[in-house]
Amino acid sequence: MKALKTEIENNAQYLGEGIIKADAFINHQLLPGLTTDMGLAFAEKFKNAGVTGITRIVTAEVSGIAPALVVAQAMDVPMVFARKKKPAFMTGGLFSAHARSRTKAEAVTLYISDRFLGPGDKVLIIDDFLATASTLKALVSIVADSGAQLAGVGCVIEKAFEGGREQLASLDIPIISLACIDLVDQGKSFIVS
């Protein structure tokens, strides 16, 4: 996606320790046109990869919600996000898994109600970043525990230098990134593909 690559090159910053600040277009401020284009691009790329019959889009709060919602809208299916804190109203059966939050430097537990994910579902996971794959592996675990079928993983930005794709390779499903970043020049500039 040319527009996404341009945003990364013009507005993303490397903060060190693997953290990329993308708050001008993903993690704090959203650009509606770009976000819509990202969701439509995911829907098209998964269709071209032969992924059909999706019944749920799954993501983690907060930054995965916007692109996941647009994918869900394009596919006309519900989107459910894993919560990072269990609210009082979340009663009944739950699926949960632990992940390490890079930006918060702490472990988090992700929760999804069994009301919104189960054995009859065919799922795409959509998230903002593919880095170490900690959050994605937690979501994969939740999908597996629910009995749903995982059909693919999509990430807006992949940080290739972190090795997350390799952590997911054994899943044998399409893993689609809209942009891929390799760091160069001692972490001060990007190569975006």
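Details
- Positive dipole terminus of the chain, leading residue within Leu94, Ser177, Asn48 (C-beta point charges): Leu94
- A Gaussian network model of the chain, with springs between Cα atoms under 10 Å, assigns the largest mean-square fluctuation among Arg100, Arg56, Arg115 to Arg115.
- Bridge type composition, region 2-192 - antiparallel percent by DSSP, nearest 5: 45 percent
- Nearest 10 degrees, 0 to 90: helix 65-75 Cα axis against the chain principal axis: 70 degrees
- In this structure the amide hydrogen of Ala97, modeled in the peptide plane, comes within under 5 Å of the amide hydrogens of Leu110, none closer than 5 places in sequence on its chain.
- With eigenvalues of the C-alpha gyration tensor scaled by 5 and rooted, the chain, Å: 26, 19, 15
- Here's the picture: charge each Lys and Arg Cβ at +1 and each Asp and Glu Cβ at -1 in region 1-94, and of Leu30, Phe81, Leu15 the one pushed furthest to the positive end of that dipole is Phe81.
- With the Kirkwood sum run over all distinct C-alpha pairs, region 29-139 has a hydrodynamic radius of 14.6 Å.
- Percent breakdown of C-alpha pair distances by 5 Å bin, ordered from the shortest bin, for region 102-178: 3, 15, 27, 24, 18, 10, 2, 0
- Magnitude of the charge dipole for region 2-192, about its Cα centre and with charges confined to Cβ atoms of Lys, Arg (+1) and Asp, Glu (-1), is about 380 debye.
- Relative to one another, the C-alpha centroids of region 1-52 and region 98-160 are positioned 18 Å apart.
- Per-peptide average of other Cβ atoms within 10 Å, ordering 66-74, 29-37 highest first: 66-74, 29-37
- Contact order relative to length of region 2-192, as percent, for alpha carbon pairs under 8 angstrom and 6 or more apart: 20 percent
- Cβ-based charge dipole, region 2-192, positive-most Cα from Val140, Val153, Gly163: Val140
- This model, with +1 at the C-beta of Lys and Arg and -1 at the C-beta of Asp and Glu, gives region 34-118 a dipole about its Cα centre of some 360 debye.
Bear in mind that the values in this text are calculations on the coordinates, not laboratory data. This structure is a prediction, so every number in the text was calculated from the model and none was measured. We place every Cβ from the backbone using ideal geometry, glycine too, and count neighbours over all the protein chains shown.
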